[in-house]
Structures are given as C-alpha cells and as structure tokens.
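The values are calculated or read from the model by the stated rules, or taken from the named source; none is laboratory data. A quick note: this is a predicted structure, and the numbers were derived from the prediction, not measured. All Cβ positions, even for glycine, are placed from backbone atoms using ideal geometry, and neighbour counts span all protein chains on display.
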Amino acid sequence: MHFNELDTPAVIVDLDIMERNMQRLAAYCREHSVALRPHTKTHKIPELAKLQIQYGACGITVAKVSEARVMRDAGIDDILIAYPIVAQHKARELAHLAANTKITVSLDSLEAAQSISLSAAERAVRVGILVEVDVGLHRCGVGSAEDAVALARKILIQPNLDFRGIMFYPGHMMAPVARQRELLTPVNQFMDEVYAAFARAGIPIQVVSGGSTPTAFLSAEFHGLTEIRPGMYPFYDRNMVGAEVVPVESCALSVVVTVVSTAVSGRVILDGGSKTFSSDRFLAGHGRGFGMVVQDPAAEFEAMSEEHGHLSVAASKRAYRLGERLQIIPNHVCTTINMHERIYGVRGGQVEVSWPVAGHGKLQ
Ligand SMILES: Cc1ncc(COP(=O)(O)O)c(C=O)c1O
C-alpha cells in the first residue's frame, strides 16, 4: 500500500533515512568507544528499541517506570530510568522490574535513593544508581562536585543499591556544533571537578552517562563520558533542522494530513491540529509555525485548533486542492509520536511495517 492510501492523519517514517540515522550514530559510538543507550521516550516502540540494540546499543533509556515495564515485557533487559523516581509505589514497581532486568536509576536526592533501597531490599533485588549532576540546564541534578560525592557516600551505605556513577543531561546545548563547543568548555570544567572530587574520596565511577541528540557527534569531546542517551536521532525534526544540527534530508518522520478546507482565502485547513501535532514552538529564527510543509516550505503552519491545522498560504504560489495529501515535519518528534497509537514505516513510498506505540500514554 502507498502511504497516501493510509487514513489521515498518519505518522510515517522513511525507513531508509531512519536506518541510516541509527547506523551513523552507532558507527560514531563504536569508533569513539562510547556506549550508546538511546532514550526510547522518543518513540516508545519496543521494535525500534530492539533495532537500535541490533545496531549496537548497549541497552536503552526510558523516563518513566511504566515505559520501563513496556520495554521489559518486550524482552529488553538493560534499562536506565533517567528520571528521579520519588514515590514509594513507583519504587516498588521498579524493584519488581529489577527481579529479572538490569535496572539503573538516576537521581539527585537521598529521599529517592532511600525509597528505592527500601523496595529493593523488600524484594531482595539490586538497583543501580547514577547521581545526576546539573551541567547547565538547571532542571535536575546536584550543583557541585562536593554535593555529588556527599550523595554518593550516602547511596553507598543504602541496602540493595549499587552506586554506578554519574549522569547528566546537556539539554542547554541545543545549538549548531560551533556554538556547542563554546558551551562545552564549562561543562568539561565542571565534570573534571566532579571526577577529581570522586578520586579524592576514593569512590570509583564506572559509568558517566550523558549525551543528547544535538551533541551526539560531539560526544568524544565531553570529558570522561562512557555512554550517551540521545533520543531523537533516528528521526530528527524541524527543531533539529532549525538548530542546524542536521539538514532537512535527515528528517525521517512526517505526519500525513489531508486538506479539508480551502474556503477561506489565504488559508488551507488540514485534518490535524493540536491532537495530532505537539504544541512545541519552533525554537529557531522567527519562532513561528508548528511544523514544516514538505511540499511547500513557503506555507506557514500558523495555528492549530484541536482537529484543524491552519496553514497560511498567503506567501505561497502553490495551488492547493481539497482532499490532497501533504506531509508535515513536526517541530518536536517525541511529543508528536506520543499522541499517536500507531506509526507506519515506509520504503520507497510503500508501507512496509506498522508499529503500535506500545508506550503510548505511559506517563506514570
Ligand atoms: C534525561 C534525558 N536524557 C536524554 C534525553 C534525550 O536527548 P534528545 O532529546 O536530545 O534526543 C533527554 C531528552 O529530553 C533527557 O531528558
């Protein structure tokens, strides 16, 4: 079946581009001896996680315990939850998963460590722990080398926890590579302080987990990194193009929509709005639009109602037809996939495979 025969809106992935994106980063990681642990919150699809592992990933990352369960039930047995797990019932679920899966959790508080330790001890399982440090995003993570060592010392004496190392997320480094190099200097200075403080304390660090999609091909220049957790790299999106991380040709995912109204002059209405596309803004340049129209870059995806996408075509010379199909590259791929129950893999225009988004709605 050609993808234009799919009912719309439909999320499609160009398999040739996706496989190339996956293989390219896997090759870089092999060449630079950095382990690749993709963040699967981007697609929430076990089949794709397994493909990433087949291409050389050492395991996967997830954000939520419920996502971990979906991936574990599909047979993936080495999972990092790169998110602070704070409630006791989540810790219990985590301990349950750890009975037959290598589970590691990153955290930045003693409270989180204590509740995981309690549940792990109850079930007689062990859970790996990474201490999260803040390298500049100012979201989570302890802010100094001394605080990281102090937390690690306390983790070391909690029952059933294995302190494994350090985790950080350089989410503030979404920029062209030249600018990333400037931002990297203070990150490396901070990480050097962390390594020195751990060495002074005599606490060995086995894992330093960092990385992101924008910085993926700069990973070898981060001091001490042992693994990276990029999520978006199989697909990329309009924001990655806007940040000059990749050219538009590297974008593998688009949303196929149908033109349902051309009655208002200068407007074209699509059958997908804010229940189809994420509301993430375009982070580059003029900051406008909710996605890029592949067939007509002059069109602006200006507004969204729930079920209507509003294209402003005033600056376009293209003639739009009622009922025709268009493809939109979304601003943010992760939040877009999350809205859909199924996505389709396409090669040469033909639908080759369809995957349920098994982690759809897994937010707990
Ligand atoms: C903790 C953590 N690690 C890794 C990633 C993946 O990075 P990216 O979105 O750049 O692919 C994210 C993304 O939000 C994250 O929050």
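Using the structure shown, decide if ILE103 is buried (at least 22 other Cβ atoms within 10 Å of the Cβ) and within 15 Å of the ligand (Cβ to nearest atom).
no
Within the bounds of segment 6-26, is there any residue that is closer than 24 Å to VAL207 by Cα and away from the ligand (no atom under 16 Å from the Cβ)?
Taking every residue of segment 6-26 in turn, at least one turns out to be closer than 24 Å to VAL207 by Cα and away from the ligand (no atom under 16 Å from the Cβ).
Starting from segment 119-140, keep only residues that are more than 16 Å from ALA152 (Cα to Cα), then list their pairs with residues that are among the β-branched types (Val, Ile, Thr) whose Cβ atoms are within a distance under 6 Å, requiring at least 6 positions of separation or different chains.
ALA120/VAL127; VAL135/VAL187
I want to confirm something. Restricting to segment 299-323 and keeping residues that are in a loop (DSSP other than H, G, I, E, B) and under 33 Å from the mean Cα position of the chain (by Cα), which single residue is surrounded by the fewest Cβ atoms within 10 Å (Cβ to Cβ)?
GLU306
Grab the helices (runs of 4 or more DSSP H) fully contained in segment 45-97, keeping just those with 2 or more residues being surrounded by fewer than 16 Cβ atoms within 10 Å (Cβ to Cβ), more than 17 Å from the chain's Cα centre (by Cα) and not β-branched (Val, Ile, Thr).
88-97
Identify all residues within segment 175-218 that are of a type in the set (Gly, Ala, Ser) and within 16 Å of the ligand (Cβ to nearest atom); write none if there are none.
ALA175, SER209, GLY210, GLY211, SER212, ALA216, listed by residue number.
So which residues in segment 226-241 are surrounded by fewer than 22 Cβ atoms within 10 Å (Cβ to Cβ) and farther than 30 Å from ASP7 by Cβ?
If the condition is that a residue be surrounded by fewer than 22 Cβ atoms within 10 Å (Cβ to Cβ) and farther than 30 Å from ASP7 by Cβ, then THR226 is the only one that fits.
Quick check on this structure: which one of PHE168, PHE217, PHE198 is more than 30 Å from MET22 (Cβ to Cβ), at pLDDT 95 or above and either surrounded by fewer than 19 Cβ atoms within 10 Å (Cβ to Cβ) or of a type in the set (A, V, I, L, M, F, W, C) (or both)?
PHE198 is the lone residue from the list that is more than 30 Å from MET22 (Cβ to Cβ), at pLDDT 95 or above and either surrounded by fewer than 19 Cβ atoms within 10 Å (Cβ to Cβ) or of a type in the set (A, V, I, L, M, F, W, C) (or both).
Please go through segment 282-298 and give me each residue that is in a loop (DSSP other than H, G, I, E, B), surrounded by 15 or more Cβ atoms within 10 Å (Cβ to Cβ) and in contact with a Phe, Trp or Tyr (Cβ under 9 Å, 6 or more places away or on another chain), ordered by number.
Result: PHE282, GLY289, PHE290, ASP296.
For segment 279-288, check the following and say yes or no: at least one residue is at pLDDT 95 or above and either at positive phi or touching a Lys or Arg at 6+ places or on another chain (Cβ under 9 Å) (or both). Show your work before the answer.
Going residue by residue through segment 279-288, those that are at pLDDT 95 or above are none.
Within segment 279-288, not a single residue is at pLDDT 95 or above and either at positive phi or touching a Lys or Arg at 6+ places or on another chain (Cβ under 9 Å) (or both).
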